[in-house]
1. Work through the residues other than A53 whose Cβ is under 14 Å from its Cβ and net out their charges, Lys, Arg +1 and Asp, Glu -1.
2. Using packing as a proxy for protection, rank 24-33, 69-78, 9-18, 52-61 so that the peptide with the highest average count of other Cβ atoms within 10 Å comes first.
3. Say each of K35 and L75 gets a label point 7 Å from the Cα, pointing the same way as Cα to Cβ; how far apart are those two points in nm?
4. For the chain, give the magnitude of the charge dipole about the Cα centre (Cβ charges: +1 Lys/Arg, -1 Asp/Glu; no others), in debye to the nearest 20.
5. For region 2-82, just the Cα atoms, rotate onto the principal axes and tell me the three extents in Å, largest first.
6. Hey, for a label at E67 modelled as a point 7 Å past Cα toward Cβ, could you say which residues of region 1-18 have their backbone N under 20 Å away?
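Read the figures in this text as sums done on the coordinates, not as results from a lab. Treat the numbers as computed from the prediction; the structure is a model and nothing was measured. Note that each Cβ is placed from the backbone with ideal geometry, even for glycine, and that neighbours are counted across all protein chains shown.
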Amino acid sequence: MERFKGEKWSEFVNRYGDRGRDLALYLGRKQCQLKLGELGRLAGGMDYASVAAAVGRLATRLRRDKELAGAVAKLEIEIREAK
């Protein structure tokens, strides 16, 4: 996510309105099948309910924002190729 955003995790993880954290959680869930609690721990101590809400928010946004959905699709391809 740091490479995608061009800044360190600590700089954007708690920034109001920044989608970087939610995107990382969404991809961790979708691409890596990580459990909500594990994602929360990796994200700095979020509880599983907060992670679930963040993943849900981003999924809703992706259905509405085609430009963002296209960028995420490209990122998902990069992730698959890196595996």
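1. Numbers: positive: R19, R21, R29, R57, R61; negative: D22, D47.
Overall, the nearby charge balance is +3.
2. Numbers: 24-33: 17.8, 69-78: 12.9, 9-18: 11.2, 52-61: 16.2.
So the order, starting with the most tightly packed, is 24-33, 52-61, 69-78, 9-18.
3. 2.5
4. Working: 18 positive and 12 negative charges, 47 e Å.
In debye, rounded to 20, the chain gives about 220.
5. Extents along the principal axes, in whole Å: 29, 27, 24.
6. Counting only backbone N, you get 4-7, 16-18.
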